[in-house]
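The values are calculated or read from the model by the stated rules, or taken from the named source; none is laboratory data. Keep in mind the model is a prediction, meaning the values are calculated, not measured. Here Cβ is always computed from backbone atoms with ideal geometry, including for glycine, and neighbour counts include all displayed protein chains. Note: areas computed on protein heavy atoms with side chains; ligands, DNA, RNA excluded. Shrake-Rupley method; radii C 1.70, N 1.55, O 1.52, S 1.80 Å.
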Amino acid sequence: MRKLKSPLLLALGALALAACVTINVYFPAAEAQEAAAEFVDKVIGDDAKKDEPAPAKPPQASLQPRFNLMSFIISDAQAQEVDITIKTPAIQAIQSRMAERFQNSLEAHFDSGALGFGGDGLVAVRDATKIELKDRVTVNQAVAEDNRDRKAVYREIAVANGHPEWEAQIRDTFAKQWIASAHKGWWYQDGGAWKQK
């Protein structure tokens with residue numbers, strides 16, 4: 001009787017372990033980067049791409065089927081590709097506002113060096129002395145409005161894709177993309193220090 005209990009307990013333990021397995025939905029970094037590049041290029045233009053060679057695509061992982069005991073227990077839902085959408089009406093409305101604001105209010109101040117991209121995905125006033133005194137209030141207001149839209153779009157993208165917990169990762173991805181897409185001569189923060197592209 002004692003020998004019968006051991007295999008039975010072992011089987012029950014394995015079943016309990018399988019029931020406790022949670023499916024972690026990974027953050028699709030490559031897809032988020034592509035979405036960020038598309039969004040940013042529509043806001044500030046893609047002049048930076050004209051000067052830089054296109055990045056090489058990473059090799060695709062083999063899709064060879066492999067035997068996996070856990071695949072019998074856990075569905076393959078987590079293996080599905082995730083596409084980051086930026087095509088909702090709310091996201092497109094924010095993008096449109098940002099593009100218009102950039103062209104009408106902010107671009108000249110990026111060109112002058114007064115503004116720069118912060119490492120946190122926001123716009124920062126880097127050198128207020130490069131903004132005429134009469135324009136400072138207007139520029140500060142435009143920067144504040146743009147930063148509100150940036151925060152809103154990071155949140156909206158995460159929510160629109162069904163993962164509000166991705167907001168910080170979306171923001172980090174966009175922060176890197178704003179800097180990568182910056183035009184030559186523009187400023188950006190790198191570890192707190194300002195650098196010129």
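For T88, T138, give me the order by solvent-accessible area with a 1.4 Å probe, most accessible first, ignoring ligands, DNA and RNA. Let's see the in-between values first.
Details: T88 30, T138 90 Å².
Result, largest first: T138, T88.
Placing R0 at 41 angstrom, the Cβ-Cβ distance between S112 and A152 gives a FRET efficiency of 0.95 after rounding to 0.05. Note on E34 and R136: with the Förster distance fixed at 41 Å, the Cβ-Cβ geometry gives a FRET efficiency of about 0.65.
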